[in-house]
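Colleague: What follows is a single structure, and I will ask about it in a moment.
Just so it is clear, none of the values below were taken in a lab; they were calculated from the coordinates. Everything numeric in this text was worked out from a predicted model, so none of it was measured.
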Amino acid sequence: MKSEYYYLVASLPMLDFAMAPPTSYEDFLEHCEEQLSEKDKEIILRATIEPTQTTLDNCATLQKYREFDRQLRNELVVVRAAKKEKEKSDYIKGEYYANPFMAHYVYVIFSQDSPQEAERMLERMRWEVIEDLKSGHYFDVDYLVAYALELQILERWGKIDKAKGKAILEEIAAKA
């Protein structure tokens, strides 16, 4: 049984974490513009890897990703605050509850000697969560949300070149 966006999804190039983006995010949005309902276009436009003020959304996949991202950023705050001997509560966004798995993973990330490797590990973690959220969605808006998020990760990573990599990664780390 074909679902609403079968032809759109079937026309998209496959994505893999280790690859360069096969298309630009802008081209993806233009492609969606032609085939999505207005409601679903709005959902896709809200699907961003940038931090947002709210985790609430009427798209379950997007809401779950935002909640994960906020938890991850809060765990990063906890580790950074401890390192800099600052009060973490000044930087925590929303509700904070310790997640032992995530806390351990963030600790391992902060143990990396290379900022580039640490950032790659963070992006890999985000990618894996998005892959999990995509599970069971094949030709629907939830799949397209996951695709949009993954494509943004690939584009962001692609912008980090070797000459400017360290400075860009340090700037990204400061914002996270």
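Colleague: Looking at the chain, do any whole DSSP H helices span at least 24 angstrom along their long axis by alpha carbon and average -1.0 or above on Kyte-Doolittle, and which?
Modeller: Span-like helices here: 60-84, 141-158.
Colleague: Once every DSSP H run of n ≥ 4 in the chain is given -39500 (n - 2.57) and the sum is divided by its residues, what mean residue ellipticity at 222 nm do you get, rounded to the nearest 500 deg cm²/dmol?
Modeller: The helix contribution divided over the chain gives -20500 deg cm²/dmol.
Colleague: Then there's this: Express the C-alpha Rg of the chain as a ratio against the empirical globular expectation 2.2 N^0.38 Å, rounded to two decimals. Please report the intermediate quantities before stating the final value.
Modeller: Numbers: Rg = 17.1 Å, N = 176, 2.2 N^0.38 = 15.7 Å.
The reported ratio for this selection is 1.09.
Colleague: Which of the residue pairs Lys64/Lys93; Lys88/Lys134; Lys41/Lys93; Lys41/Lys134 have a Cα-Cα distance greater than 25 Å in the structure shown?
Modeller: Checking Cα-Cα distances, Lys88/Lys134; Lys41/Lys93 exceed 25 Å.
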